[in-house]
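Comments concern the structure below.
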Amino acid sequence: MQFRGRTVIAFVMITMLASVLVTLVVARDLVVSSYQASGSAPAAAETSGQHDLNEAEIDKMNAVLDLIETKYVKKTDREELVDGAVKGMLESLDDPYSVYMEKTSAQHFSESIEGSFTGIGAEVTLQNGKLVVVSPIKGSPAERAGLLAKDVVISVNGEKLEGLGLNEAVDKIRGPKGTKAKLQIQRVGTSESIQLILIRDDIDVETVYAHLSDDRIGVIEIRQFSLNTAERFKEELARLEQEAKQQAAGQAQVQSGAQVSEGAGDKGRQGLKGLVIDVRNNPGGVLPVVVEIAEQFIAKGSAIVQVEDRDGKREKTLSKGSRKAYPVAVVMNKGSASASEILAGALGEEAGAILVGETTFGKGTVQVSYNKALGDGSLVKMTIAKWLTPEGIWIHEKGVEPTVAVAPPSLYTVARLTITETLKRDMNNEQIRSAQIMLKGLGYEPKRDDGYFNEETVQAVKQFQRNSSLPVTGELDKSTAAALEKAVIAWIKDKNNDVQLREAIERVGRK
């Protein structure tokens, strides 16, 4: 495949997601891919015919098909057999981002690109035969239940997922709005598996949220890169810049005690002092969209991303924009993947942005979805290239490292409670460990967080129960667990506790 000019942008559908977006998988529920980097499939030369099966190969396929349909012990569905053959070709590539989607799955994929879907709201990928969470989508059932990046989903409603293909695993997770998905997960750092119960729901399709701090630092959160995200980003950025100018003018007026005319005075002209772009738990999206956002901060002619094809040939996508006068920071974490990593890498290398938080997920490949080649509504999403940062760094399976490392508070990552029995003194399990982390994070002191219900934990539970107007038993029953969960959620929602965002705001404010 030859890349010419502004390569990536030419692909209406270059997808790049940190994982078969099946993150959308769960969320979008199937979208396997990267939507990550693109959006729909290029209609260009889907097939040339020069690599069609030869007569011997066709005879071989027909022979197997005939044997199955005439000799197999059970009756078979011919369409499923053909789908299985196509799926097998893609699976033989041993690439979790190259997949086949039958008609229904392909439709879900398209919906995910457009930002409309129903599910649990998590992006997943297949790694070494295991279903791994790339990131939960903010505000989704997955996030509310405490699903985290790098969690391994073992089973859904009692059905084991290991050994299944990505689409098959996703199908197990999907389901109608309002239905339960009981996930058994394995988390790094815990010896026992964790059970989470989620209620499937419509996923919020808004992708951009923005606000202005009192000291004229703008904050824009991008939850995923859908088709309209660049437009929404521009709208919110323009609004923040205007509000900052008005705020600066008002401050100058108060300080001088006189009316300040429009454009008068340094403060009135300054506008934003800085901008923080938050891409935490953003699984990726459409590549041309992230390019359109990035070039608003990168000087014209500077690289935003490089794409390397199978022959090692590289093409750069260059900015058509200009660099902003104010400093920029990007907040990222382990759930920031694909297009999010492109943005972080580009702004860090070419716009002098401060990268705050954790090392990102690490997906450095580009997928294209071919939705016309098969002619029946199904599609093939296939890896066709690598993407590299402007400086030529391939971050695949490594991630983008922060310039300022800030770990999230323990309450952000603690496993949620699923109480099936009252927990008491001298018991020892992962649920108690989670409760101890929660109590400590909320200001109580159980003295340990290893899962052993010691006397100090009893006293911490009693103090929490008193403060929550609950019966003071020192035991962790369902009502106490529910109150503890509610207190943790309230703590997380308090922006004052967001140490990563606070650090980013402080950093740009110093420049």
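The values are calculated or read from the model by the stated rules, or taken from the named source; none is laboratory data. Please read all numbers here as calculations on a predicted model, not as lab measurements. Cβ atoms come from the backbone with ideal geometry, glycine included; neighbour counts cover every protein chain shown. Side chains included, ligands, DNA and RNA excluded: accessible areas come from the protein's heavy atoms. Shrake-Rupley method; radii C 1.70, N 1.55, O 1.52, S 1.80 Å.
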- Taking only pairs six or more apart or across chains, which ones have beta-carbon atoms under 7 Å, a first residue in the stretch 408-426 that is part of a helix (DSSP H, G or I), and a second residue that is surrounded by 15 or more Cβ atoms within 10 Å (Cβ to Cβ) and among the small types (G, A, S)? S410/G441; L411/G441
- Item | Those residues of the stretch 145-163 which are in contact (Cβ under 8 Å) with a residue 12 or more places away in the chain and not small (G, A, S), in sequence order | L147, L148, K150, D151, V152, V153, I154, V156, N157, E159, L161, E162
- Message: Considering only residues that are surrounded by 14 or more Cβ atoms within 10 Å (Cβ to Cβ), out of contact with any strand residue (DSSP E or B) (no Cβ under 8 Å at 6 or more places or on another chain) and basic (K, R), which ones fall in the stretch 479-510?
- Response: R502
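Results for (1) modelled with pLDDT under 90; (2) within 30 Å of the chain's Cα centre (by Cα); (3) not in a loop (DSSP other than H, G, I, E, B), shown as yes or no for each residue.
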residue: E241; (1), (2), (3): no, yes, yes
residue: Q247; (1), (2), (3): yes, no, yes
residue: Q253; (1), (2), (3): yes, no, yes
residue: A258; (1), (2), (3): yes, no, no
residue: A264; (1), (2), (3): yes, no, no
residue: G268; (1), (2), (3): yes, no, yes
residue: V276; (1), (2), (3): no, yes, yes
residue: R280; (1), (2), (3): no, yes, no
- Search the stretch 103-120 for residues being modelled with pLDDT under 85 and part of a loop (DSSP other than H, G, I, E, B), and hand back the single one that is surrounded by the fewest Cβ atoms within 10 Å (Cβ to Cβ). S116
- Task: Give the stretch 173-191 a look and list any residue that's at pLDDT 80 or above and open to solvent by 80 Å² or more (accessible area, probe 1.4 Å), or say none.
- Result: P176, K177, K180, K182
- Item | Residue satisfying all of: in the stretch 314-334; surrounded by 23 or more Cβ atoms within 10 Å (Cβ to Cβ) and assigned to a strand (DSSP E or B); farthest from the chain's Cα centre (by Cα) among these | T317
- Query: Looking only at residues in the stretch 217-239 that are among the basic types (K, R) and modelled with pLDDT of 95 or more, which one is surrounded by the most Cβ atoms within 10 Å (Cβ to Cβ)?
  - Reply: R232
- Given (1) more than 30 Å from R310 (Cβ to Cβ); (2) open to solvent by 30 Å² or more (accessible area, probe 1.4 Å), number of the condition A435 does not satisfy: (2)
- Task: Please state which of the following conditions I393 fails to meet, knowing it meets all the rest: (1) out of contact with any helix residue (DSSP H, G or I) (no Cβ under 9 Å at 6 or more places or on another chain); (2) at pLDDT 95 or above; (3) of a type in the set (A, V, I, L, M, F, W, C); (4) open to solvent by 20 Å² or more (accessible area, probe 1.4 Å).
- Result: (1)
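Each row is one residue, and each column tells you yes or no for (1) in contact (Cβ under 8 Å) with a residue 12 or more places away in the chain; (2) within 22 Å of L374 (Cα to Cα); (3) among the acidic types (D, E); (4) open to solvent by 60 Å² or more (accessible area, probe 1.4 Å).
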{"residue": "E57", "(1), (2), (3), (4)": "no, yes, yes, yes"}
{"residue": "K60", "(1), (2), (3), (4)": "no, yes, no, yes"}
{"residue": "L67", "(1), (2), (3), (4)": "no, no, no, yes"}
{"residue": "K75", "(1), (2), (3), (4)": "no, no, no, yes"}
{"residue": "D83", "(1), (2), (3), (4)": "yes, yes, yes, no"}
- Taking G443, is it open to solvent by less than 50 Å² (accessible area, probe 1.4 Å) and on the phi > 0 side of the Ramachandran plot? no
- Of the numbered conditions (1) open to solvent by less than 70 Å² (accessible area, probe 1.4 Å); (2) touching a Pro at 6+ places or on another chain (Cβ under 9 Å); (3) modelled with pLDDT under 90, L198 satisfies every one except a single condition; which is it? (3)
